[in-house]
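Below is one structure, written out as structure tokens; the observations come after it.
The values are calculated or read from the model by the stated rules, or taken from the named source; none is laboratory data. Only a predicted model underlies this, so the values are computations on that prediction, with no experimental measurement involved. Please note: Cβ atoms are built from the backbone with ideal geometry, for glycine as well, and neighbour counts cover all protein chains shown.
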Amino acid sequence: MENKGEVWIISEQDKGKLAEISIELVSKGRELADRLKTSLGSVVLGDNIKHIPEELFKYGCDTVYLAEHPDLKYYTVLTYTNVIYKLAKEKNPDIILFGATTTGRDLAPRLASILPAGLTADCTDLRIDDYSDPRSKKVLKDTLFQIRPAFGGNIIATIVNTWAPPKMATVREGVMKIAPPQNERTGKIININPEFGQKDLALKVIERSKLEKKVNLKNARIIVSGGFGVSSRENFKLIHELAHTLGGEIAGSRAAVDGGFIERDHQVGQTGTTVRPKLYIACGISGAVQHRAGMSESNKIIAINADKDAPIFKIAHYGIIGDLNQVIPMMIKAYKEKGKLSL
Amino acid sequence: MKYNSIVLIKQVPDTKNITGEAMHEDGTVNRSALPAIFNPDDLNALEMALSLREKFGGTVKVITMGPPFAAEVLRESLYRGADEVIHLSDRRFAAADTLATAYTLSKAIKKIGEYNIIFCGRQAIDGDTAQVGPQVAAKLDIPQVTFVDKIEQIDDNSITVKRSIENGYEIIQTKLPVLLTVMGTANEPRYPSCKLVMKYKKARSAAEIKAESENNKDSNINFNETINKLKKKNLLIQTWDADNIGLDASECGAQGSPTWVAKISSVQLESKEIKNIESNYNSIKELISELISDHILG
């Protein structure tokens, strides 16, 4: 069998802090590298970021390619492309993964175009399997299956790359689970010495402003929402816990907001935000028309309510009549166990 | 200084308004049942180019790659004020992924030759990849700025733009020529002008006429005669095929595409009936499994 190249993660850091998406990708990358019996490398670029490799090793990297240079302090597409292009040409990785962030979605296509290599955008799942190519009649052994929503989220497409490696993909934030860190784990650091010509420096960031992360219900794929039935701010912790487990955002009905269980910027409904996530879990929400107006277009709705006549059941796809204090912990447990099985 | 712009646009199925009729029974999308529209973000790209021309002078050329009927978005560009439109149409372009599309577009841009700014929409609503713009910029070896909200300043050889990032923005300065991908929030696209609609409503691309004459064998459309008539009235939209832009079949369409769709599956469950789940651990475990296998939960 031919020797597979490495699996690479292009890590992102901001002012020396490793981005969460990069940790998610390293966790997934470890799984893919094990499946391919190859090693996991990560390229990280910046200035004064010597502490980053250690973080990457903890989550599963074997090798970190560390590129430090004053001109790499802020991401610019030309300098970053220069460094990664040269390195990829030299090392021939099998797979290169990027976060589907404004950085990854700027950098990955430019790099794919000059390598050239196939690139799939905004993946929500990645798998390794054999693929019989109907065009060439060849079987691609252990290739990367890139799974992503398309057509406004109405279909799920599985994409394969039929060209020689690298196979490249950007991966949506928050979909890959973070593996528990192993503090004693270590790896090899390879220092890169970037060299830039005038052309690489033709694009400059002259100002950058980034606010603390605000509530972003509109783009949430999964929303766990609580209503009056949650009964207290204290008990709203259950909603937080379920949302955290499923990788979703938390929200509330007007009754929950008025009751002080949750802040107003989380409110879903006519006077709050209109959402259409893939999954909306309504916990202890009766489902008044004003609330329904803000969430009825959700792709799938699960309603949990003790009152079997609650109107929320009229628009839900799945109804659980019962006490949310018992149902939610069961959901958390079931998801955690299922998640373990699918790995 | 006057700026010459090229705008890259796409005709897309209206994925924002998918109804039951537009889905096949196996859950895939029936493209032909969806109305074809001007990709929304591309209207913002065109608007940015047109307002730049209004301020400084210059020209706005629009290119689309697509089947014969995609020339509709070129007419809509003329209605809004584009100076020239070009239709890249060839069966050999079919089934192109983003890389093959970018290569084809870059060859057409090289044929046009002179330009200062290339505008693209941030992304198209059918694939949502946002890849073609940066891939074109790389093929042309010019800088790119993606997710652009505003041109802050422009002069003879430099441009300063505001770029949207997660929870914030960047001000980027770079050199001309440049490729920009424009956000849907960047501006309010203008409506077609009545005068221009009257002027261009009969404009047709050669690819369209060819397709029309092939589809209506009885209607006796004389291809050459029609072309000449349109040419005389200045209503012929240029069509370029692979040969016109110096592309080999192996470099475009499916053959020039590294990525390939292996499978399409549905995320919709047809049942509108509520499914009652018992409030016990086994039932809930089954529900979670079902949601995972339906790609609802990751």
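Observations on the model:
- Contacts under 6 angstrom Cβ, first residue in region B:44-61 being without any contact (Cβ under 8 Å) to a residue 60 or more places away in the chain, partner basic (Lys, Arg), 6 or more apart: B:Gly57/B:Lys2; B:Gly58/B:Lys2; B:Val60/B:Arg53
- The listed residue being farther than 16 Å from A:His266 by Cβ and facing chain B (nearest Cβ under 9 Å), out of A:Arg185, A:Arg208: A:Arg208
- Search result, residues across region A:188-205 that are more than 11 Å from every other protein chain (Cβ to nearest Cβ) and of a type outside the set (Asp, Glu): A:Lys188, A:Ile189, A:Ile190, A:Asn191, A:Ile192, A:Asn193, A:Pro194, A:Phe196, A:Gly197
- Selection of region A:15-41 for residues being touching a residue at least 12 places away in the same chain (Cβ under 8 Å) and more than 17 Å from the chain's Cα centre (by Cα) yields A:Gly16, A:Ala33, A:Arg35, A:Leu36, A:Lys37, A:Thr38, A:Ser39, A:Leu40, A:Gly41.
- Residue that is nearest to the chain's Cα centre (by Cα) [pool: residues in region A:318-331 that are more than 8 Å from every other protein chain (Cβ to nearest Cβ) and surrounded by 18 or more Cβ atoms within 10 Å (Cβ to Cβ)]: A:Ile328
- Subset of region B:160-198 that is touching a residue at least 24 places away in the same chain (Cβ under 8 Å) and more than 24 Å from the chain's Cα centre (by Cα) - its residue that is nearest to A:Gly99 (Cα to Cα): B:Ile172
- Looking across region B:150-166 at every residue that is outside any strand (DSSP E or B) and touching a strand residue (DSSP E or B) at 6+ places or on another chain (Cβ under 9 Å), the one that is surrounded by the fewest Cβ atoms within 10 Å (Cβ to Cβ) is identified as B:Asn157.
- Residue count for region B:167-192 satisfying the condition of being of a type outside the set (Asp, Glu) and not in a strand (DSSP E or B): 12.
- Contact map, region B:128-151: residues that are more than 8 Å from every other protein chain (Cβ to nearest Cβ) paired with residues that are charged (D, E, K, R), Cβ distance under 6 Å, separation 6+ or inter-chain. Pairs shown: B:Val148/B:Arg163; B:Asp149/B:Lys162; B:Lys150/B:Lys162.
- Applying the criterion of at least 1 residues that are over 30 Å from A:Lys278 (Cβ atoms) and touching a residue at least 40 places away in the same chain (Cβ under 8 Å) to the strands (runs of 3 or more DSSP E) found wholly in region A:142-216 leaves A:188-192, A:203-210.
- Residue in region B:115-136 that is under 16 Å from B:Asn39 (Cβ atoms), hydrophobic (A, V, I, L, M, F, W, C) and part of a helix (DSSP H, G or I) present: yes
- Sole residue being closer than 18 Å to A:Glu195 by Cβ and either more than 8 Å from chain B (Cβ to nearest Cβ) or at pLDDT 95 or above (or both), chosen from A:Pro93, A:Pro70: A:Pro70
- Residue check, A:Ala243 assigned to a loop (DSSP other than H, G, I, E, B), within 14 Å of chain B (Cβ to nearest Cβ) and either surrounded by fewer than 20 Cβ atoms within 10 Å (Cβ to Cβ) or in contact with a strand residue (DSSP E or B) (Cβ under 6 Å, 6 or more places away or on another chain) (or both): no
- Of everything in region B:6-16 that is touching a Ser or Thr at 6+ places or on another chain (Cβ under 7 Å) and assigned to a strand (DSSP E or B), the residue that is farthest from the other protein chains (Cβ to nearest Cβ) is B:Ile9.
- Top-ranked residue in region B:106-120 [being out of contact with any strand residue (DSSP E or B) (no Cβ under 6 Å at 6 or more places or on another chain) and farther than 15 Å from B:Asn4 by Cα; ranked as surrounded by the fewest Cβ atoms within 10 Å (Cβ to Cβ)]: B:Lys107
- Residues in region A:282-314 that are more than 10 Å from every other protein chain (Cβ to nearest Cβ) and within 20 Å of A:Pro329 (Cα to Cα): A:Ala282, A:Cys283, A:Gly284, A:Ile285, A:Asn305, A:Asp307.
- Residue among A:Ile23, A:Ile9, A:Ile84 that alone is hydrophobic (A, V, I, L, M, F, W, C), within 14 Å of chain B (Cβ to nearest Cβ) and crowded, with 19+ Cβ neighbours inside 10 Å: A:Ile84
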